[in-house]
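Please read the structure below before turning to the comments.
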Amino acid sequence: MLLLTATVLLAGCLSPRLARDPADASTGNWPGSRPDGTVRLPNQWLLDPVGRQLRLGDFPVNLAIHPGGRFAAVLHSGFGPHELIVLEIPGARILSRITLPEAFHGVAFTPDGARLVASGGGKEVVHLFDVADGMLSNARTLPLRPPAERGIPAGIGMSPDGRRLWVANVLGQTISEVTLPTTGDARPEVREIPVGDIALADTAKKHRPVDDGSKGDFDQEAITKRARALLESLDNDAPYPFTCLPDPRHDRLYVTHWGRSEVGVHELATGRPITRWPVQEHPNEMALNRAGTVLFVANANRNTVSVLDTSTGRPVETLVAELEADSPPGSTPNSLALSPDESLLFVSNANINAIAVFDVREPGRSRSLGFIPTGWYPTAVRVTPDGRRLLVTNGKGSASRATRYGPQPGREAPASIREYIGGLLPGSLSVIDLPKDREDLEKQLKRYTARALACRPPAPPKALEPGHPIPLVVGGPTPIRHCIYIIMDNRTYYQVLVDMPEGRGDPGLCLFPESVTPNHHRLARDFVLLDNFYVESEVSADGHEWTMGAYATDFVERLWPLSYGHNQDRKYTYPSEGRFQIASPAGGYLWDRAKAARVTYRSYGEFINNGATTNDPCTTRIPALQGHFDPGFRSFDMDYSDLARADRFISELRRFEREGE
């Protein structure tokens, strides 16, 4: 039986162990910089990016290349300040940067290169700038709707003449068609186009911010985020339009439905919906050939790119972006770029830190040419107009680091050096030169592919000592019959257990030593210490997803920084722990696997919603947990003692013993 009790974030990464060489216990494979210049991440992947690396701001999510090919604009939408950075590509140097109140994914130059637009997220605006020699000026905001409504402008498509925009409102379930003003003080003309069901068009107007007294208090915001999320009116069938791609030649507007595994097709002139084309989970960026006959769609919750014939909407083929065949979902393809001659397709894969390259000269007979290693969590890929350089934004940059000056009750670090994990991952830009000659390019890609393969995590050991309880292969013999999985949110090994002499670490970092946490230390001493066991997540939102599903989707990764760091208007709800169907990984959660394997399971507080009072039963929105959780075991609640949770668990255990279960 599998018991899940939410009360040390003890999690396992189910990412495929792809490297051929097993881990060397003598080296430890500790995260951090290595003598050969590579960086070992907490998830055991290596970073060994090619090209020149330029440090950027917090979580760069998208970039646009100026039509002239000399400049690029990078949009940031992380926990920290949102900003636009304009850089010179040949010199890989920053020319200008401007802070934005808020942003979300969309950024584009007008075709003449004279202006730049960026989506304004929860501020419900589009930012507009004049551009000259890489410098931004004459900043304006173009309102799309009253600021109290919720649309969240995201991806942007632009007309060939640069006069009209189509903006996907990812939480408002609409598209905004925007006619840009020709004078500085004029307001834009805006037309709203419903996406999906017509009734969903009212979603933005129905939004009412919840005031629970925690607004502006970071700690209280963190405590109450789950309770506020329960007040959201959710529709699991909502499309969540992510971005738009106009095709004026065929009078079409393509819209990726992030939450529905489909592409919506609209009449460009009227906005009228024409049809929907099925793809795979989490379609996000698209690329269209110049003739408008082939549409490429990245599917982030699979490892695929759908290639569609636009005359029929049917798939011509499905490209698979995997470092090893038959890998489980987890590559996270999230961005596409066609080479200027349309012979190559570059695919950014966030969770394997690599760009996949395909020869797409013959759709239906495309072939993989290999991979290009990047920085950590690539979010966007673009090719310069001359085809000689590849630009990649890496959302989490080039390395992880510890929060040594993070929260320390009673001995807080000075404000000037105080740290929070959400702000410790500055992104980066990779500028990669591409050979002009095709033969040279393919030779280079072979070298890059070998480098990308070498970045995979170490393979499991080929042998274990006799009697080891964990089998090396699925279905192997084991004495284990029951598993109790204990999760403690918001605490780390270093904060609680690093004072144990059996482990390897710095006891000076311990905040809650054995005198304060005797039960935690007893559990570690009697069962497993998990010394130097690292977590592939930053905060609770992606942490719970990774803990229960070994994967945080692109929806969670993009939404949590906004929910945590830019929620003054209360438009970004907590995106995790079963509150959104779109947050679910394609491979499911532990309970889904247990159910499929016919293993009994029961959750105590994990992915469970508390009742209004301690006397009210808890509930869950997870179908596989219905009938498989204790409604009397309370989930996250700072006013509820862990002693009461322990009493409840023990009482249930005794009941099962009495009843013979």
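No other residue among Val316, Val297 is closer than 17 Å to Phe242 by Cα, of a type in the set (Val, Ile, Thr) and either open to solvent by 10 Å² or more (accessible area, probe 1.4 Å) or in contact with a Ser or Thr (Cβ under 9 Å, 6 or more places away or on another chain) (or both) apart from Val297. Evaluate the following for Ala325: is it open to solvent by 10 Å² or more (accessible area, probe 1.4 Å) and closer than 29 Å to Glu177 by Cβ? When the stated conditions are applied, Ala325 does not pass them.
Each residue in segment 332-376 was checked for being at positive phi and surrounded by fewer than 24 Cβ atoms within 10 Å (Cβ to Cβ), and 3 of them qualify.
Residue count for segment 84-108, restricted to those that are open to solvent by 10 Å² or more (accessible area, probe 1.4 Å), closer than 16 Å to Leu128 by Cβ and touching a Lys or Arg at 6+ places or on another chain (Cβ under 6 Å): 1. Answer yes or no as to whether Pro457 is assigned to a loop (DSSP other than H, G, I, E, B), closer than 30 Å to Asp433 by Cα and not hydroxyl-bearing (Ser, Thr, Tyr). So Pro457 passes the test. When Arg648 is tested against (1) modelled with pLDDT under 90; (2) outside any loop (DSSP other than H, G, I, E, B), exactly one condition is not met: (1).
In the set Glu577, Glu606, only one residue is at positive phi and either out of contact with any helix residue (DSSP H, G or I) (no Cβ under 9 Å at 6 or more places or on another chain) or assigned to a loop (DSSP other than H, G, I, E, B) (or both); that residue is Glu577.
Of Arg34, Arg55, all but one fail to be open to solvent by 20 Å² or more (accessible area, probe 1.4 Å), under 18 Å from Val392 (Cα atoms), of a type in the set (Lys, Arg) and touching a strand residue (DSSP E or B) at 6+ places or on another chain (Cβ under 7 Å); the exception is Arg55.
If you filter segment 261-283 down to residues that are open to solvent by less than 30 Å² (accessible area, probe 1.4 Å) and part of a loop (DSSP other than H, G, I, E, B), you find that the one that is nearest to Ala586 (Cα to Cα) is His282. Screening Arg598 against (1) more than 22 Å from Val61 (Cβ to Cβ); (2) assigned to a helix (DSSP H, G or I) leaves a single unmet condition, (2). Scan segment 69-79 and tell me whether some residue there is open to solvent by 10 Å² or more (accessible area, probe 1.4 Å) and over 22 Å from Ser335 (Cβ atoms). No: zero hits. Only one of Val61, Val50, Val39 is buried (at least 22 other Cβ atoms within 10 Å of the Cβ) and at pLDDT 90 or above; which? After applying the criteria, what remains is Val61. One residue is enough: does segment 464-479 have a residue meeting the conditions farther than 18 Å from Trp30 by Cβ, touching a Phe, Trp or Tyr at 6+ places or on another chain (Cβ under 6 Å) and not basic (Lys, Arg)? No, segment 464-479 has no match at all.
Would you point out the residue of segment 300-313, among those that are open to solvent by 20 Å² or more (accessible area, probe 1.4 Å) and out of contact with any Asp or Glu (no Cβ under 7 Å at 6 or more places or on another chain), that is nearest to Ala586 (Cα to Cα)? Ranking the qualifying residues of segment 300-313, first place goes to Asp309. Which one is modelled with the highest pLDDT among residues in segment 227-260 that are of a type in the set (Asp, Glu) and within 20 Å of Ala154 (Cβ to Cβ)? Per the stated criteria, the residue is Asp247. Among the residues that make up segment 596-609, is at least one of them open to solvent by 10 Å² or more (accessible area, probe 1.4 Å), closer than 30 Å to Asn334 by Cα and out of contact with any Leu (no Cβ under 7 Å at 6 or more places or on another chain)? Looking through segment 596-609, at least one residue is open to solvent by 10 Å² or more (accessible area, probe 1.4 Å), closer than 30 Å to Asn334 by Cα and out of contact with any Leu (no Cβ under 7 Å at 6 or more places or on another chain). Tell me which residues, restricted to segment 284-317, are of a type in the set (A, V, I, L, M) and part of a strand (DSSP E or B). Hits for segment 284-317 are Met286, Ala287, Leu288, Val294, Leu295, Val297, Ala298, Val305, Val307, Leu308, Val316. Within segment 512-561, the set of residues being of a type in the set (A, V, I, L, M), open to solvent by 50 Å² or more (accessible area, probe 1.4 Å) and either more than 20 Å from Ala402 (Cβ to Cβ) or at pLDDT 95 or above (or both) comprises Val516, Leu523, Val528. Which residues, counting only those in segment 77-117, are part of a loop (DSSP other than H, G, I, E, B), within 23 Å of Ile152 (Cα to Cα) and more than 27 Å from the chain's Cα centre (by Cα)? Scanning segment 77-117 gives a single hit, Thr110.
The values are calculated or read from the model by the stated rules, or taken from the named source; none is laboratory data. This is a predicted model, so every value here is computed, not measured. Every residue, glycine among them, receives a Cβ derived from its backbone with ideal geometry; neighbour counts consider all protein chains shown. Just the protein is used for accessible areas: all its heavy atoms, side chains included, with ligands, DNA and RNA removed. Shrake-Rupley method; radii C 1.70, N 1.55, O 1.52, S 1.80 Å.
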